[in-house]
Structure formats: structure tokens, C-alpha cells
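Enquirer: Just dropping this structure here.
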Amino acid sequence: MKFPLFVSKRFLSSGKGSKFISLISFISIAGVALGVAVLIIALTVLNGFEKAISKKIIDFDSHIKITAFGKRNLPSYKKVKPELEKMLHPYGKNISPFLSKEVMINNKQNSDGIVLSGVLDGDSNSISNYINKGSYQLKTSDGKPAIVVGLKLAEKLDLNCGDQVTVFSLRNDQLPSYNNPPGIMQFTVTGIFESGMAEYDDLIAYTNLNDLQQLTESGDKISGYNIQLNDINKIDSLTVKLADLLPYPYYPKSIYRVHSNIFNWIALQKVPVPLVLSLITIVACFNMVGTILMIVLEKTSHIGVLKSIGANNKSIKKIFISQGLYLSAIGIAAGNIIALTASYLQLEFNLIPIPDSVYFISSVPISIDLYNYLIVNAAAFLLCYLASFIPSYVASKMSPVNLIRFN
């Protein structure tokens, strides 16, 4: 073992007369550990929010959405869809035409306004991952119209799988009149999904595209296309390409534009939160200055003896820098353990629920990223290393005669 490291460990031991120093060292270690843990957990949660919300939005929506200007209907997808596949080759994973209409849904004495989305059987299969009851089935076993609703809507209307609901809709997007009565159709609830996002669980339901076209008398018209890609890095470039190639009134928008309020909110959180919490780690690291200065004062006579037997200023500096690094290494390791433990408990047991009407999800999401751990650990270690220079410089400049006399 090298001389500076050996001496620094001896100085930090809890022998006779050094219990106060040991307490101060423990407090410094705890401060670094908490600072590192808080910062890592904050970054882990922010990453979790971004990934969880992005995944749910994409599962229920798409990477790119093509609609029409002014909420108009678009012509039949049968000729357009093959052209879109050519434009997006080889990045188009799934192109799903849809018809989306605002309707009134009624069950016994309960009714509510929702957005009913008609899709083709086999499309939007990712929604099946969120089914809470029943199954993602847009037709009943005997071929009758079926509907899949969100959990909050089901609770509001007292719905369960197998229940019959009546849906009212405008015909031809015209106001009801004597000659144009509203469209009415009965649906059977075949599935109830729970996304954890109030916007979907309370307002959106899914049915077969042909049934919704029949209900609204839309013919073969649709509202647009949901496009999923096999490379999310191509979202912006392919959106621009589609905008250049598609004629009016086709209006392609990326997921980041359709839900710009959500993604802007996430980006806003990722800037100030880590910055503010970083101050905790900075303060904790610079508390190391006070700790090592206390050790210097307590070990003045020992420093004098070391200098009198030939230890130079460089060796004295290394002793106290080694102390700072030793304490910081323990604190950083403890902070990592705390962060990993807290992340694991939240992943396994969802200990911290949050209101989904505010945060779009029902529990604090966790996304453990090795990169965040490496960045925080490296920054904390560097700060503690810099903080150790001040007391080590003070100790190295002390006169050996005065140090021995001081005792």
C-alpha cells in the first residue's frame, strides 16, 4: 500500500480521540450519498416519464399521423395506402387507415360524449397489450358490431364485457334534421383497456372501421392514417418527405407535433430539475472541505511528525486528497445502492402512485440508464476531488516546528 493512502486511512480510523472526526466523516459520506442518490433518481424518473408516455402515445396513436386540413374526410385508403407504402419504404412498419368521429354513447341511464375510432381488424394491435378485461376484438363471435372502451369510461357508464351500448352519431357530418336523423347503432363491449392516461381511458373507444363508416354514412371515406415506423430516428425526415409528396388536403404530422404540449412539458422538466438537484450534490461534495480541514486540525501534530521525518509537501497533499477520494468513493457507492434499491422497489411494487389526470400515467415510471449513473458518478467524483485540494494545500503549507509545538 502506498504511503499517502496508508496514512490517510490511519487518520480516518476511529481510534482514541478521533470519534468526533469519524462522526464528521460519516456526515460527509451521507451527504454525498444522498446527493448522488437524489440526482440519479431524478434522472431515472425523468427518463421513465419520457419513455413511458412516448410508448403509450405511440401505441395508441402512431409515429406519423396523416389527416386532412380542416378535419375533412379523405378518400378511400385502398388506392392511397399502396402509394404510402412506396413512399415510406423501407421504414414503414405499419400503415393503418382510421375514421374518427365524435359520438354519444349510452348505457341504460348513463351517457357520455366520446371519440369513436374505427380501424381495420388487425391494426392497432398494440392496444391489446393494455386490455384490462375481455379482449381486443372489433367484431363479436357472430359478426355483430363490437366496441373496446377505456377503463374510466367503463366505470363512468357502469360497463362490463358483454354489455350492450347504443351509439348516436351525425350522418354525413350534417346536423340532425327531419330528413337527416342521427345514426344509431348497438355495439357489444368486448374489451376494456387501461392505458393509465386519462385522455385515452376516458375519451376514446375503438370499433371496426366498416361499422363506423356505416353508422356515420361516410361511405369509404376515412379521417386519416396512423403510420408506425421501424426507425424512430426517421420520424422528422419522413414527415417532411410525406409533406412534399402528398397533395392537398393531406396533412402529415409527427407524433412530436400532434402531442407537442406533452413533449414540451417533458423537455421543460428535464432542464431545471437536474440542474437544481445537482446543487445538492455540489454542496455535499464541498462539505468535504470542512471535513478534511477538521481532520487537519485534529492531526496537526501527526503532520508535524511526518514532515520532520522527511515527508514533503507533495506527500502531505496526497494524504489529504486520498482522504477526500476515499470518503467520496464510499459516499458515491452508497448513493448508487440507494438509487438502485429505490428504483427496484418502485418497479416491482409501484410504491408511489400519482394522479394520471395530471401526469398522464398512474404511477412514477422508472427507466434505469447506465449512462446516467456514469455521468453522475464521474461528476460527483470530480467535484470531491477538486474540493479536497483546499484542505490538502493548507496542510502542506504548515511549518513542522509550529505543528509539533501546537500539540
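Enquirer: Given labels modelled 7 Å from the Cα in the Cβ direction, how far is it in nm from LYS314 to LEU275?
Expert: 4.2
Enquirer: (1) 0.97; (2) 1.04; (3) 1.24: which one is Rg/Rh (Cα atoms, Kirkwood Rh) as calculated from this entry?
Expert: It is the one labelled (3).
Enquirer: Rank these residues by their accessible area, most exposed first, probe 1.4 Å: GLU102, GLU83.
Expert: On the way: GLU102 150, GLU83 90 Å².
Largest accessible area first, the list is GLU102, GLU83.
Enquirer: Size of region 112-207 along its principal axes in angstrom, Cα-based, largest extent first?
Expert: Sorted from largest, the Cα extents of region 112-207 read 43, 30, 24 Å.
Enquirer: Okay, moving on. Provide MET294, MET185 ordered by accessible surface of protein heavy atoms (probe 1.4 Å), highest first.
Expert: Correct descending sequence by accessible area is MET294, MET185.
Enquirer: What is the angle, in °, between the Cα long axis of helix 370-387 and the longest principal axis of the Cα atoms in the chain? Nearest 10 is fine, range 0 to 90.
Expert: 30
Enquirer: Right, something else. Find the eigenvalues of the gyration tensor of the Cα atoms of region 236-324, then list the square roots of 5 times those eigenvalues as equivalent ellipsoid semi-axes, largest first, in whole angstrom. Don't skip to the answer; put the middle values down first.
Expert: On the way: eigenvalues 805, 49, 5 Å².
Sorted largest first and rounded, they come to 63, 16, 5 Å.
Enquirer: In addition: On the full set of protein chains, 1.4 Å probe, figure out the accessible area of GLU194 and give it in Å² to the nearest 10.
Expert: GLU194 has an accessible surface of roughly 80 Å² with all protein chains in place.
Enquirer: Then there's this: Roll a 1.4 angstrom probe over the protein heavy atoms and tell me the percent of accessible area of the chain that is carbon or sulfur.
Expert: Numbers: 12320 of 20610 Å².
Carbon-and-sulfur percentage of accessible area, whole number: 60.
Enquirer: Please state the relative contact order of region 83-160 as a whole percent: Cα pairs under 8 Å, 6+ residues apart?
Expert: On the way: 68 pairs, mean separation 17.8, N = 78.
Averaging sequence separation for qualifying contacts and normalising by length gives 23 percent for region 83-160.
Enquirer: Right, something else. With θ taken as phi - 60° and the coefficients 6.51, -1.76 and 1.60, list the Karplus ³J(HN,Hα) couplings across region 100-113 in order, rounded to whole Hz; mark glycine and proline as x.
Expert: The phi angles translate into 10, 9, 7, 9, 10, 10, 10, 9, 6, 9, 9, 8, 7, x Hz.
Enquirer: In nanometres, what is the gap between the two model label sites at PHE389 and ASN210, each 7 Å from Cα along Cα-to-Cβ?
Expert: Each label point lies 7 Å from its Cα, and together they span 7.6 nm.
Enquirer: Determine the principal axes of the Cα atoms in region 178-281, then give the extent along each, sorted from largest to smallest and rounded to whole angstroms.
Expert: 69, 38, 31
Enquirer: Starting from the amide H of LEU120, placed 1.01 Å from N in the peptide plane, find each other amide H under 5 Å away whose residue is 5 or more places distant or on another chain.
Expert: Close amide H contacts, sequence-distant or interchain: LEU209.
Enquirer: Could you tell me how far the Cα centroid of region 88-104 sits from the Cα centroid of region 216-283, in Å?
Expert: For region 216-283 versus region 88-104, the Cα centre distance is 15 Å.
Enquirer: May I pose another question? Specify the angular offset, from 0 to 90 degrees and rounded to the nearest 10, of the alpha carbon long axis of helix 272-298 from the longest principal axis of the alpha carbons in the chain.
Expert: So the helix axis and the longest Cα principal axis differ by about 10 degrees.
Enquirer: Can I ask one more? For the Cα atoms of the chain, what angle does the longest principal axis make with the long axis of helix 313-349, in degrees from 0 to 90, nearest 10?
Expert: The two axes meet at around 30 degrees.
Enquirer: Follow-up question, since we're still on this one. How much accessible area per residue does region 253-292 have, counting only protein heavy atoms and a probe of 1.4 Å, in square angstrom? Spell out each step's value before the answer.
Expert: On the way: 2120 Å² over 40 residues.
Ligands and nucleic acids excluded, the result is 53 Å² per residue.
Enquirer: Sorted by accessible area (1.4 Å probe), largest first, how do VAL38, VAL80, VAL167 line up?
Expert: VAL38, VAL80, VAL167
Enquirer: How big is the equivalent ellipsoid of region 331-373 along its three axes, where each semi-axis is √(5λ) from the Cα gyration tensor, reported in whole Å from largest to smallest?
Expert: Values: eigenvalues 113, 25, 13 Å².
Output for region 331-373: semi-axes of 24, 11, 8 Å.
Enquirer: State the percent of C-alpha pairs, over all pairs in region 177-236, separated by a distance greater than 20 angstrom.
Expert: More than 20 Å apart: 54 percent of the Cα pairs in region 177-236.
Enquirer: Using the alpha carbons of region 222-275, what is the convex hull volume per residue in cubic angstrom, as a whole number? Display every interim value, and only then the final one.
Expert: On the way: hull volume 5.9 nm³, N = 54.
It comes to 109 Å³ per residue, whole-number rounded.
Enquirer: Determine Rg/Rh for region 295-366; Rg is computed over alpha-carbon atoms and Rh is the Kirkwood hydrodynamic estimate from the same atoms. Write down the numbers at each step before the final one.
Expert: On the way: Rg = 23.3 Å, Rh = 16.3 Å.
That ratio equals 1.43.
Enquirer: What is the chain's relative contact order, in percent, from Cα pairs under 8 angstrom and six or more apart in sequence?
Expert: RCO, the chain: 28 percent.
Enquirer: Now for a different question. Mind checking which aspartates and glutamates have their Cα closer than 16 Å to the Cα of LYS270? Skip sequence neighbours fewer than 8 apart in that chain.
Expert: Excluding near neighbours in sequence, the set is GLU50, ASP369.
The values are calculated or read from the model by the stated rules, or taken from the named source; none is laboratory data. From a predicted model like this one, the values you see are computed outputs, not experimental measurements. Every residue, glycine as well, gets a Cβ built from its backbone with ideal geometry; the counts of neighbours run over all protein chains shown. For the accessible areas, the whole protein counts, side chains as well, though only heavy atoms, and no ligand, DNA or RNA atoms are used. Shrake-Rupley method; radii C 1.70, N 1.55, O 1.52, S 1.80 Å.
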